[in-house]
Amino acid sequence: EEFDIFLKNYKKLEKLYPTAEQRILQMAQLVKEDLRHHILRYLSSGEAGPDLAIENMTAKFGMKKLIKPVLLDKLKNMSTAKDNSSIPAKAEEVLSVLESLAQMEPDNDQPTLPQDVLPHIFRALRLNVSEQRGVINMITQDVTTIEEVKKYVTDRQLFFSMWKRTFRSAEMDYKASLNQKDNQSGRTQAGAALGAAGGGSDKKLRSQGRN
């Protein structure tokens, strides 16, 4: 009953607050303080944040039997990270769904995932061929636990978060420095050309003066 009230109040928030961040903050006020972290964790998830929070809350406190197929379909239909920099955010999206699925089976110490879902999870995380070779056993074995997949996704999220802050950042800084040098070189050449043109005019004027 309390969860139904929460959903009704959220529908009102959608109309009152235009930005995802505002809706997340207001949603958190609709629940008890000890539950707010389940919602506030999606503050940095962009426009998808409110929907992710609703799915998470529904999985924990809503109609679990009805929501499980929806969560599995979400994993199957999840878009692929557009580039390496997008992998950490995509990993967070995957982890959110996996955690919701795991919490739907509180009496099961090792909840599992359907094997047909796994290739879509790895596709969404933008694995290259070498990385795909590394997870093929996980896909083809008889049973794969949610915990196994969560560990892989978390490790990938941490690596690409660090990669983005180090190697990617260094690459962007280097490209920026090259552009700056090109711009400076262009201004120097333009100045030299203008100087040469000005010098030619001065010589012409001096020549005309002597005549």
Select from the range 116-147 the residues that are surrounded by fewer than 17 Cβ atoms within 10 Å (Cβ to Cβ) and in a loop (DSSP other than H, G, I, E, B) and list them in ascending order. 128, 141, 142, 143
Determine if the range 159-169 includes at least one residue that is of a type in the set (Phe, Trp, Tyr), within 30 Å of residue 61 (Cα to Cα) and either surrounded by 10 or more Cβ atoms within 10 Å (Cβ to Cβ) or modelled with pLDDT under 95 (or both). no
Considering only residues that are assigned to a loop (DSSP other than H, G, I, E, B) and either within 26 Å of residue 86 (Cα to Cα) or open to solvent by less than 60 Å² (accessible area, probe 1.4 Å) (or both), which ones fall in the range 16-33? 18, 19, 31
Count - residues of the range 34-54 that are modelled with pLDDT of 85 or more and either open to solvent by 60 Å² or more (accessible area, probe 1.4 Å) or over 21 Å from residue 74 (Cβ atoms) (or both): 8
Mind listing just one residue for me: the one in the range 90-142 that is small (Gly, Ala, Ser) and touching a helix residue (DSSP H, G or I) at 6+ places or on another chain (Cβ under 8 Å) and, of those, nearest to residue 160 (Cα to Cα)? 91
So for the range 80-93 (the condition being assigned to a helix (DSSP H, G or I), modelled with pLDDT of 80 or more, of a type in the set (Ser, Thr, Tyr) and within 30 Å of residue 169 (Cα to Cα)), does at least one residue qualify? yes
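The values are calculated or read from the model by the stated rules, or taken from the named source; none is laboratory data. In this text, all values refer to a predicted model and were calculated from it rather than measured experimentally. In this analysis, Cβ positions are derived from the backbone assuming ideal geometry, glycine residues included, and neighbour counts consider all displayed protein chains. Ligands, DNA and RNA are excluded from the accessible area calculation, which covers all protein heavy atoms including side chains. Shrake-Rupley method; radii C 1.70, N 1.55, O 1.52, S 1.80 Å.
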